[in-house]
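FYI, it's all coordinate maths here, none of it is from the lab. In this text, all values refer to a predicted model and were calculated from it rather than measured experimentally. All Cβ positions, even for glycine, are placed from backbone atoms using ideal geometry, and neighbour counts span all protein chains on display.
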Amino acid sequence: MVARQRLGVGFDPPGYEDAYADASAYRGESSRQQAKLAPPPDQTLSLTHTVRHVDFNPAAGTVRRHELAAPWMSATVALGQRTLMKSNVLIRDKRTLGLARQTTDGLDEGLGIKYDVTEMAILLRQAFDYRDMSAEEQAALSAVKRAEALEANVLDAALRYDIKQVARLLQLQLPSPKTFGEGVPL
């Protein structure tokens, strides 16, 4: 009598090492053939089970933090960094122009001094650039550039909205109020 083999698609024919769900051995071959295929008595078949921890409800950002260094994320991360750099430049330009408008409006309305918005924006932009430099880069500047670094003081005064200090630093003529025909400096 020939033993019937059970084969599934993509599976090897069952052998001595196979076990069914009820832990019974495969009985398709004769005991003589099984004896030929059986491992030597000193060798045992061991199955190892690796335990893998699965966090079913990870904390916010945990998965993203793990996947950030993954190869499929490199293009996305690079695109995000490029977009962030562009947006930081735009935000800085808008902030500089807004601060220049605010400062020149204060000079005009508060002190009656007309000053160009674009000139103020250029001064403030150069002051922001100077502020972003490291100490070594600031020390390496030439004397002309160091004189222009006084624009950083203009930036500080503009950020504090100290309009009189901005006018003094820019060496603008402050108007003196008339009191009984006599000018008193501010």
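Residues to consider are L68, L90, L107, L79; find the one that is within 25 Å of R168 (Cα to Cα) and of a type outside the set (F, W, Y).
None of the other options fit; the residue is L107.
Taking segment 77-106 as the search range and keeping residues that are in contact with a helix residue (DSSP H, G or I) (Cβ under 6 Å, 6 or more places away or on another chain) and not hydroxyl-bearing (S, T, Y), which one is nearest to L123 (Cα to Cα)?
Among them, the one singled out is A100.
Only residues that are in a helix (DSSP H, G or I), surrounded by fewer than 16 Cβ atoms within 10 Å (Cβ to Cβ) and not hydrophobic (A, V, I, L, M, F, W, C): list them for segment 106-131, please.
Residues satisfying the conditions are D108, E109, G110, T118, E119, D129, R131.
In segment 87-146, which residues are farther than 13 Å from V166 by Cα and in contact (Cβ under 8 Å) with a residue 60 or more places away in the chain?
G112
Only one of these is surrounded by 16 or more Cβ atoms within 10 Å (Cβ to Cβ) and either among the hydroxyl-bearing types (S, T, Y) or farther than 18 Å from L150 by Cα (or both): T103, T83. Name it.
Only one candidate qualifies: T103.
Restricting the first residue to segment 72-86 and requiring it to be free of Cβ contacts under 8 Å to residues at least 60 places away in the same chain, which pairs with a second residue that is among the charged types (D, E, K, R) and surrounded by 10 or more Cβ atoms within 10 Å (Cβ to Cβ) meet a Cβ separation below 7 Å and a spacing of at least six or different chains?
So the pair list comes out as M73/E67.
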